[in-house]
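The values are calculated or read from the model by the stated rules, or taken from the named source; none is laboratory data. Quick caveat: nothing in here was measured; it's all calculated off a predicted structure. Every residue, glycine as well, gets a Cβ built from its backbone with ideal geometry; the counts of neighbours run over all protein chains shown.
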Amino acid sequence: MIRKLATLVFACAALTSVNATADQLDTVIQRGTLNCGVVLDFPPMGYFDENNEPAGFDVDYCNDLGEVLGVDVNILNLTWGDRIPSLISGKTDVVIGSTSDTLERAKTVGFTYPYFVFKFQVIAHEDKSIKSFADLENLKVGAALGTTYETEYLAYADKQGWGRDNYTSFKSENDAFLGLYQGKVDAIISTNTNIATKLRSKEFADFVAGPYVPNYDDVVGIIAKRDEVAWINYLNLFLVRQIRDGNMNKAYNKHFGVDAPAELIQSLRDNK
Amino acid sequence: MDYEFHWNIVFQNMPELLNGAFVTLHVSVLAMLLGVVIAILLAIAKMNNTKFFCHVATVWVEIARNTPALFQIYMAYFGLGAFGIHLSPYVAVLSALVFINAGYLTETFRGGFQSIPTTQYSASKSLGMTSFQAYRYIILPQMLRRIYHPMTNQFVWSILMSSLGILVGMSELSGTTQRLQSLSFRTLEFFIVAAVMYFVITKLVLFSSSLLARRLFKGEI
């Protein structure tokens, strides 16, 4: 009897200690649901489709990840600024939200290998005829608050001694484009992908894509809690397999209408 | 919670945060002053017998009090923008706050005016005062004393509401905090410091308004 009890106690202790070391990967599998954060006002990476359902490249990645994990996927819509708080508060397990992998940010959150590379670009009314980045000097420029292109633009403007009086930040990507459309600003900075999507709509028929931000590739990764090393390992392998198994190209083709450029695939393979 | 705080990044950016705090204080003080002036006019208009003024004041008060501040700031910025009127983020937030402050304070002031017996007005007239003098020396001082506390409440409220300026990209305390935290992702640290700053600002405002009250009303409050 006593031996049986002792065995039971040991078994319980063993179980709890197993639970105590359960990491994010275990938690997600045991829960049966992946809480995946995506920025849904950033087409074609994340947006709402005509049925008001989340769609886009990042959403496809969430679904692919859920599939390999064998769990359901719960997509959470985030703004740029919500990405980190959502991870820290445990609302999301992972954020697939085009997060630029700066070393400063990596002190706070864990980054995977890169999964996409953007270019930052200017979009303006065709009358403004912006040839180079230096032409922005006396124009009113805007960008979405808390994005890397805002940081890059401000760094550039500071270096040129332009000051910040002509700069306006917007709460979201949609607001930035609304501000441009209404003429609150002459030009905004966004990613080449988002700009290409917007230019296809009739509202932006009179607008043109301008020069790229000089000397800058925006390399983005998936983010998770910094100390969840095993989970980040898993996500890294997932990204490698996305390319190897052709899922990356499939998602790219679906949302950009063409195959992924060979140089993009190669730079992701090289983890640049 | 397994989270390590990194405070040094916040201290490195303290000048920018203080700058943001100054903008917050600046816009709310200005919004309060303008709001008080407009509210006095609206309160008088509301008690006026001329239907037109009374209606204007009523519509103002009803809209200001029964719609969210968020919506009003958005309307001032993007709403007017749709008609080609482009206010800067600062002016958009300022005008929305003035609109709200005036709306709320109108009712406070009207209550204040009505709490002064009309016989006092008649009495000052019989002493040979003009209408202006009666208001200036008899009615307003008593009214202001009665509504001083509700008025400071509105002031604090407008300081806190100015944080909605972040919606239209204003670089006040919240906007600056949001931008700085996106560089390092040290969200908690920056937000905690910003909250402390809001607390200090409102406490300072309350303290100086009680000092002012002591001077103005000589302790009779």
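Look through the range B:178-195, keep the residues that are within 10 Å of another protein chain (Cβ to nearest Cβ) and closer than 20 Å to residue B:27 by Cα, and return whichever of them is nearest to the chain's Cα centre (by Cα). Write out each step before concluding.
At the first step, the residues of the range B:178-195 found to be within 10 Å of another protein chain (Cβ to nearest Cβ) are B:178-189, B:191.
Restricting the remaining residues to those that are closer than 20 Å to residue B:27 by Cα gives B:178-179.
Details: B:178: 23, B:179: 25 Å.
Going through the qualifying residues, I end up with B:178.
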Of A:120, A:57, A:48, which residue is buried (at least 20 other Cβ atoms within 10 Å of the Cβ), more than 14 Å from chain B (Cβ to nearest Cβ) and modelled with pLDDT under 95? A:120
Helices (runs of 4 or more DSSP H) within the range B:114-221 that include 2 or more residues in contact (Cβ under 8 Å) with a residue 40 or more places away in the chain and of a type in the set (Val, Ile, Thr): B:140-161, B:173-184, B:187-217
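Any residue at all in the range B:111-118 that is under 30 Å from residue B:199 (Cβ atoms) and surrounded by fewer than 16 Cβ atoms within 10 Å (Cβ to Cβ)?
As a first pass, look at the range B:111-118 and keep what is under 30 Å from residue B:199 (Cβ atoms): B:111-112.
So of that shortlist, the ones also surrounded by fewer than 16 Cβ atoms within 10 Å (Cβ to Cβ) come out as B:111.
Checked the range B:111-118: at least one residue is under 30 Å from residue B:199 (Cβ atoms) and surrounded by fewer than 16 Cβ atoms within 10 Å (Cβ to Cβ).
Scan the range A:177-190 residue by residue and report those that are closer than 21 Å to residue B:85 by Cα, more than 8 Å from chain B (Cβ to nearest Cβ) and not in a loop (DSSP other than H, G, I, E, B).
A:177, A:180, A:181, A:187, A:188
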Among the residues of the range B:1-39 satisfying the criterion of being within 14 Å of chain A (Cβ to nearest Cβ) and touching a Ser or Thr at 6+ places or on another chain (Cβ under 6 Å), which is surrounded by the fewest Cβ atoms within 10 Å (Cβ to Cβ)? B:16
Would you confirm, using the coordinates I've provided, whether residue B:87 is assigned to a loop (DSSP other than H, G, I, E, B), surrounded by 14 or more Cβ atoms within 10 Å (Cβ to Cβ) and of a type in the set (A, V, I, L, M)? yes
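Report, by residue number, each residue of the range A:67-82 that is at pLDDT 90 or above and either touching a Phe, Trp or Tyr at 6+ places or on another chain (Cβ under 8 Å) or within 24 Å of residue B:4 (Cα to Cα) (or both). It would help to see each step written out before you state the result.
Looking only at the range A:67-82, we keep the residues that are at pLDDT 90 or above, and these are A:67-78.
The answer is A:68, A:78.
Condition check: modelled with pLDDT of 90 or more, under 30 Å from residue A:186 (Cβ atoms) and not acidic (Asp, Glu). Does residue B:156 satisfy that? Give the steps one after another, and end with the answer.
Working: modelled with pLDDT of 90 or more: yes; under 30 Å from residue A:186 (Cβ atoms): no; not acidic (Asp, Glu): yes.
Considered against the rule, which asks whether it is modelled with pLDDT of 90 or more, under 30 Å from residue A:186 (Cβ atoms) and not acidic (Asp, Glu), residue B:156 comes out as no.
Take the range B:40-49 and flag every residue that is among the aliphatic types (A, V, I, L, M) and either at pLDDT 95 or above or surrounded by fewer than 19 Cβ atoms within 10 Å (Cβ to Cβ) (or both). Before the answer, list the steps.
So in the range B:40-49, the residues among the aliphatic types (A, V, I, L, M) come out as B:40-45, B:47.
If the condition is that a residue be among the aliphatic types (A, V, I, L, M) and either at pLDDT 95 or above or surrounded by fewer than 19 Cβ atoms within 10 Å (Cβ to Cβ) (or both), then B:41, B:44, B:47 are the ones that fit.
Considering the range A:151-176 alone, what residues qualify as being without any contact (Cβ under 8 Å) to a residue 24 or more places away in the chain, in a helix (DSSP H, G or I) and either closer than 16 Å to residue A:43 by Cα or not basic (Lys, Arg) (or both)? Don't jump to the end; show me each part of the working.
So in the range A:151-176, the residues without any contact (Cβ under 8 Å) to a residue 24 or more places away in the chain come out as A:151, A:154-155, A:157-159, A:161, A:163-165.
Going one step further and asking which of them are in a helix (DSSP H, G or I), we end up with A:151, A:154-155, A:157-159.
Correct list: A:151, A:154, A:155, A:157, A:158.
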